Structure formats: structure tokens, C-alpha cells
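Q: Starting off with a structure, shown below.
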Amino acid sequence: MNSNESDNQKTLDCIHCGYNANPVGAKRCQKCGKHLVISSIPTDNRIGKFDFAPYVFLLLIALVFLIFGWFGYYYGREYRMLTTSSNLNSSSDKSSSDSGSSDIRLYNSIKEVPKVPEGTFNYGGAVLFASITASGAHQAMTNAHPGFYLVYTEPAYGNPGNSRSVTMLLNGELSFAQIGLPLTDIEYSKAKERGFNLEQVPVAIDAIVAFTHRDLSIPGLSVDQLQDIYKGKITNWRQLGGPNLPIVPFARPKVATLLHVLLGPEVNQVSPRVQYIRDYTDAIRQVASTPGAISFGGSGPLVGQQMIRSLPLAKVDSQKYVQPFIDEGKRINAAAMKDGTYPMIRRLYIAIRRDGKIDEQAGVAYTNMLLSKEGQQFVEKAGFLPLR
């Protein structure tokens, strides 16, 4: 293209011969006759020479936006992921807190447990937990946290027991309950109907121990034989290889836990021969003074008792009897409980009222103190198998 020409006389250059006067639109060079190859775009007022400067500038701007946009997206995504993760964790923590598990912790000592409220707090439940009180656990809690006092509260009617204590907890009569059976769906539902939740936390393992009069001589019982005694199918010790002596079974009433533990869904088949007692003290006294008597209960109140004879138990249809206690009855047979050779064990729980109030705080604090290493030493001293 000849740049010296006016806007009205634009021309095309021939790449073959160099002739630069070919008019725009010509197909062949006017000088050499060869086909014109357009190597540049003619310049006029609308198009002009191709100027890279503005395009380079725009390209640079685009690159800047692209780079910053990518960094913004990447770090924005990371931030969103971080905050989303935080929100998820927060939701999880809230859920855990609502369900109670987030504030149950394992401490070394009772003193380390935080947020122990001051005041007098009522508790109740399965009577076998009395051995934990007798072991000195509650006194240690008060010594470590002055102002934290516990009062065992019996129901206004009837004997104390598992189901009645849960009812009292639902009614707000207790800050927490000590229970020997897991909470039921009905109990969970009743709590929700009243605007709060219930939570059970295991704190110990208990062995179910059968015991008789000291003079009764039999090698032991299998679980199904013990069940048949309380269903009235076995009524004389002679049926079990013992003396010709009527069996006199004692038990806590069905409102307590033990018959449910022994008979499960057949708990309503309890023999009319069964005589009901109030608590372990009553059971031990009755069995010790009645030839042919038998009863059963948790290991805690029975460990070390010399007035009665603790029977070895075997699994169903077996004669592989296992002693519940060792060292002349002074300690539970922890090894047999751990390896599963002792046939009847259960978990013991603290039931906490999750209402966001001081009762919940007391229940959580008590559970944490009992689950501490120091607290678990009291659990073992009380005749139970500690969880840690």
C-alpha cells in the first residue's frame, strides 16, 4: 500500500513486481499481470492501519481481571469451604450439645471437673447405687466442690426403684437419676412432650449375683435355672441336685429393674411364690434367716457380704459355673466380666434431664465426676466394674 496517496486514491501493492499503483479492487497487477495477493488491509477513515496498542492495553486489562478473578474465586472458595466447615462443625457441636455428649468429658480427678453448681440437689434411682455413696464418692465430690450437696430422694408413694425414679426425673422432682436399665422410647417421648430431652450416660458395669442361705449346698445355677425358679417352674432344691427343701424366692418388685433384667419380656410370668422385699438390706436379712431362700441383685451391695452365700452362675444349659467374686468374696471377678465368661452383666447409667437449667448442670457435673479416674476408683471400691 502506498501511504503517500490521498484517501481518495488508495492503492494495492503487488508482491511480485512491487508495483504500487494498482487500484483497490483490482484482481491482477496492472504492470506484471499476476494475481494480486492482499498482504495488508487498505487504510481509510473507517479502518486505517492495524494498530495493536489499544488491543494490547485491553488484553492487559483482561489479563489483570482474569488473574485477580481467579485468585478471588480460589480464595473465596477456600473461605467459603472454611466457613462452611466451621458452620458444619458448629452445627455438629450444637447437635452434640443438644444430645448431651459434648459436655461429658473424661477427667483425671473429681476436682478438675468444671461448672459444678452450688446448691442442694435431689437424686434417686436404683437402690444398688447406694454402695457408690457408701464408698465415699459423694463425700469426695463435696470435699472437692464445697457447696455441691446431694440428697437421696425417695418417691412419695411406694418403694424406690428404676421406673419411679425416671418418673420423678420427668416430673422435675430429681436433678438426675441413677438407673440400672436403659431409658425406654416412651420415657424419651414423654420428656420431649414436656419440652426437654433425657440422656443416659453409662458409668459402671454390674454383675447380677444370685445368693442363698449359707447352709445350702449346690455347686451353682445356670441362668435358665434361675429364671425357672422365679417363674415357678422349679420349686424345690432337690430338682437342682440339692436337699429336699422348698425354694423360697425373694426379689424386688417389678417397679425395680432386677426382674426385668432376669426375665426380660417374660417378666409378667413371675411366680406368685415370689416374696417381695424393699431393698438389699431386707433381701440379705430375709435370705440369711430363711433356709431354702434365694434372691439376686447387683454386685455392688453384695460384695463382701458374709451372711449369705453367693452362687456361681453358668450360661444357659451349662454347668461351667463362674464365681461372681474372688478373694473370699471381697472383690468382683473382673476378669470373668471382661472376657464374657460370667453370664449376667449389665450397664449402669446416670439419666440427665436436658432442660438447660441448673438440674442439667448438676447432672452433667455429677456424671463427669463419677467418670473421672478418681471417680471410677470409687466405682470399683463400690463393687462394680469401672469403665476406665
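Q: Only one of (1) assigned to a loop (DSSP other than H, G, I, E, B); (2) under 37 Å from the mean Cα position of the chain (by Cα) fails for Pro219. Which number is that?
A: It fails just one condition, (2).
Q: Right, something else. Could you identify the single residue in Gly292, Gly297 that is at pLDDT below 95, crowded, with 16+ Cβ neighbours inside 10 Å, small (Gly, Ala, Ser) and under 20 Å from Val274 (Cβ atoms)?
A: That would be Gly297, the only listed residue that is at pLDDT below 95, crowded, with 16+ Cβ neighbours inside 10 Å, small (Gly, Ala, Ser) and under 20 Å from Val274 (Cβ atoms).
Q: Hey, any hits in the range 374-386 for a residue that's crowded, with 23+ Cβ neighbours inside 10 Å, assigned by TED's automatic domain parsing to the domain that holds His260 and not hydrophobic (A, V, I, L, M, F, W, C)?
A: Within the range 374-386 (the criterion being crowded, with 23+ Cβ neighbours inside 10 Å, assigned by TED's automatic domain parsing to the domain that holds His260 and not hydrophobic (A, V, I, L, M, F, W, C)), the answer is yes, since at least one residue qualifies.
Q: Exactly one condition in (1) within 20 Å of Ile358 (Cα to Cα); (2) surrounded by fewer than 19 Cβ atoms within 10 Å (Cβ to Cβ); (3) in contact with a strand residue (DSSP E or B) (Cβ under 8 Å, 6 or more places away or on another chain) is not met by Tyr123; state its number.
A: Failing condition for Tyr123: (2).
Q: Quick check on the range 270-284: of everything there that is of a type outside the set (Val, Ile, Thr) and closer than 24 Å to Gly125 by Cα, which residue is surrounded by the most Cβ atoms within 10 Å (Cβ to Cβ)?
A: Ala283
Q: Only one of Val287, Val267 is part of a helix (DSSP H, G or I) and surrounded by 16 or more Cβ atoms within 10 Å (Cβ to Cβ). Can you tell me which?
A: After applying the criteria, what remains is Val287.
Q: For the range 319-339, name all the residues that are touching a residue at least 60 places away in the same chain (Cβ under 8 Å), under 35 Å from the mean Cα position of the chain (by Cα) and in a loop (DSSP other than H, G, I, E, B).
A: Tyr321, Pro324, Asn333
Q: Also, quick follow-up: What residue, among those in the range 340-359 that are under 22 Å from the mean Cα position of the chain (by Cα) and part of a loop (DSSP other than H, G, I, E, B), is nearest to Leu221 (Cα to Cα)?
A: That would be Asp355.
Q: Separate question: Under the condition of being touching a strand residue (DSSP E or B) at 6+ places or on another chain (Cβ under 8 Å) and among the charged types (D, E, K, R), which residue from the range 314-352 is surrounded by the fewest Cβ atoms within 10 Å (Cβ to Cβ)?
A: Asp317
Q: Considering only residues of the range 173-211 that are touching a residue at least 12 places away in the same chain (Cβ under 8 Å), assigned to a helix (DSSP H, G or I) and charged (D, E, K, R), which is farthest from Gln376 (Cα to Cα)?
A: Lys190
Q: Collect the residues in the range 116-138 that are of a type in the set (Phe, Trp, Tyr) and assigned to a strand (DSSP E or B), keeping them in residue-number order.
A: Matches in the range 116-138: Phe121, Tyr123.
The values are calculated or read from the model by the stated rules, or taken from the named source; none is laboratory data. As the structure is a computational prediction, the values presented were derived from the model and not from experiment. Note that each Cβ is placed from the backbone with ideal geometry, even for glycine, and that neighbours are counted across all protein chains shown.
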